[in-house]
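Take a look at the structure below.
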Amino acid sequence: MGTIKVKFKDYLEARGLSAYRVARHARGMSPKTVYAIASGRNRPSMDALEKLMDALREITGEDIGLDALIEYVPTPEGELDEEARAWLGDDLGGELPEYDWGEEGPPEVKPVKYEPGVGLVVDEEG
């Protein structure tokens, strides 16, 4: 498991560019969206990334790839993300109290079978 790191702000800083300048060149994209991505408040959609790359190519003349703006950062082996730590930290094992079925007791168990296009159905023959 890993995460996607947005490197747009880093790219701008490394080249001395402002979000304002990119916003002026990013056709079909609101300046607010460019600023939000540059500040890290918003994660860019694929459409936004395409527009940002087009604007940056126009400004810098560089052939900019997706790897200039985003990066996949894998979780180091042996290190767990927050969700995995939460699951592992919970005590999901152990004995459960007996379920109270009420006066009628547990329901009758009937065999089921899978029928393509229908799903699970009670197998009257089984």
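Values in this text are rule-based calculations from the coordinates and carry no lab data. Since this is a predicted model, take the numbers as computed values, not measurements. Don't worry about glycine lacking a Cβ; one is built from the backbone with ideal geometry, like all the others, and counts go over all protein chains shown.
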- At 222 nm, what helix-only mean residue ellipticity would the chain give, in deg cm²/dmol to the nearest 500, using -39500 (n - 2.57) for each DSSP H run of four or more? -10500 deg cm²/dmol
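Give me the percent relative contact order of the chain, please, defined on Cα pairs under 8 angstrom at least 6 residues apart.
Numbers: 102 pairs, mean separation 32.1, N = 126.
Rounded, it is 25 percent for the chain.
Could you give the dipole magnitude of the chain about its Cα centre, charging the beta-carbon of Lys and Arg +1 and that of Asp and Glu -1, in debye to the nearest 20? Please list the in-between numbers first.
Working: 15 positive and 27 negative charges, 409 e Å.
In debye, rounded to 20, the chain gives about 1960.
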- Task: Name the residues whose placed amide hydrogens come within less than 5 Å of the amide hydrogen of ILE70, ignoring near sequence neighbours (fewer than 5 apart) on the same chain.
- Result: LYS7
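Mean separation of Cα pairs under 8 Å and 6+ residues apart, divided by the residue count of the range 2-74: what relative contact order is that in percent?
Taking the mean separation of contacting Cα pairs over the length of the range 2-74, I get 48 percent.
What chymotrypsin sites (Phe, Trp or Tyr not before Pro) does the range 31-109 have in DSSP loop regions with at most 12 other beta carbons within 10 Å? Write out the running numbers ahead of the final one.
Numbers: sites: TYR35, TYR72, TRP87, TYR99, TRP101; in loops: TYR99, TRP101.
Passing both the DSSP loop test and the Cβ count: TYR99, TRP101.
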- Each residue of the range 113-120 in turn: what ³J(HN,Hα) in whole Hz from Karplus with 6.51, -1.76, 1.60 and θ = phi - 60°, glycine and Pro shown as x? 9, 9, 10, x, x, 10, x, 7
- Item | Difference of contour (0.36 nm per residue) and Cα-Cα distance, HIS25 to THR75 | 14.5 nm
- Query: Here are some values of Rg/Rh (Cα atoms, Kirkwood Rh): [x] 1.29; [y] 1.35; [z] 0.97. Which one was computed from this structure?
  - Reply: [y]
- Task: Report, to the nearest 10°, how far helix 46-60 tilts away from the longest principal axis of the Cα atoms in the chain, using its own Cα long axis and a range of 0 to 90°.
- Result: 20 degrees
